[in-house]
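To keep things clear, I will list the structure first and then write my remarks on it.
Every read-out reported here was derived from the displayed coordinates using simple, explicitly stated rules and does not represent laboratory data. Everything numeric in this text was worked out from a predicted model, so none of it was measured. No Cβ is skipped: glycine too gets one built from the backbone with ideal geometry, and neighbour counts run over all protein chains shown.
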Ligand code: KPL
């Protein structure tokens, strides 16, 4: 299968690298020339539990070099989704499909404004990865990946993609209703990302103090109330699940924490900012998410 990864940061490089290692025809597309050149010159190095292996892969900064792809996986930061959707549409031609595995709410809708919605797949992944430098990533954690058709009932493309990903060691299931799954992953990011970014701590440190656990709980409970008001059937125990993920990824700095550390624009608009937006539609007050959003927006507007 010919696969293009749009956004070869940590997660894009991980998925692209594993798919290339399994023999798929993979192209990594990224805007960082040094990363692209290093991958083309010496391969993509993946560190996992102290062992490093190097995978031969093709990378480019120019989508025009790739040609029609059967599957395009979008892994850009959500601030870049609209532009990535146009690139993805041009890459799939008539027959391909676009899969988003990005964090946050709204990415699939943004892609489906540009790509025929019947050709859009969406999902979540719990793999963890960190970009260590040009051409080098760390595979920090293995977790489930679940995908499905975004707005069609035909799951055949999702099944084909899941099969190829599973053969590459990315164990992937197909789900009928990916919207609920995306909300469930979203709740994890609502409870963890902004607070770690603002406090300069790792995910696990959020659990050290009752006052921090309370703040996480309040942010997540607001988001659950919004989901329920929109008819999204969130299972009981959402706050406990967020605590469990914080513990399981305890040594990680969240993606928003890494963004703030590197003075990059964050995904606040599709995480706590999305809670504020969605809450406005159903008339629910969400002061904790509003405050977290305002603090991150202020912080990122004043990077030196
Ligand atoms: O998805 C994540 C992120 O950092 O964006 C979690 C699950 C919180 C892991 O760090």
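Quick one: grab the alpha carbon gyration tensor of the stretch 120-199, order the square roots of its eigenvalues as a ≥ b ≥ c, and give me rounded if a/c is under 1.5, else prolate or oblate depending on whether a/b is larger than b/c. Oblate. Peptides 269-276, 295-302 ranked from most to least packed give 269-276, 295-302, packing being the mean of other C-beta atoms within 10 angstrom over each peptide's residues. Here, the stretch 1-143 yields an orientationally averaged convex hull projection of 7.7 nm² when only Cα atoms define the hull. Roughly speaking, what is the centre-to-centre gap between the stretch 166-190 and the stretch 223-295 when only Cα atoms are used, to the nearest Å? If we compute the Cα centre of each part, the gap is 16 Å. Taking one quarter of the surface of the C-alpha convex hull of the stretch 263-304 gives a mean projected area of 2.7 nm². Structural size metrics of the stretch 56-133, computed from C-alpha coordinates, are Rg and Dmax of 12.7, 37 Å.
When the helices of the chain are scored as -39500 (n - 2.57) per DSSP H run of n ≥ 4 and the total is divided over every residue, the value at 222 nm lands at -14500 deg cm²/dmol. Across the chain, Cα-Cα pairs farther apart than 30 Å form 29% of the total. Can you give the log10 of the normalised intensity I(q)/I(0) at q = 0.16, 0.22 Å⁻¹, computed with Debye over equal Cα scatterers of the stretch 181-304? So the normalised log intensities are -0.70, -1.29.
Over the stretch 85-228, the hull volume per residue, using the convex hull of the C-alpha atoms, is 141 Å³.
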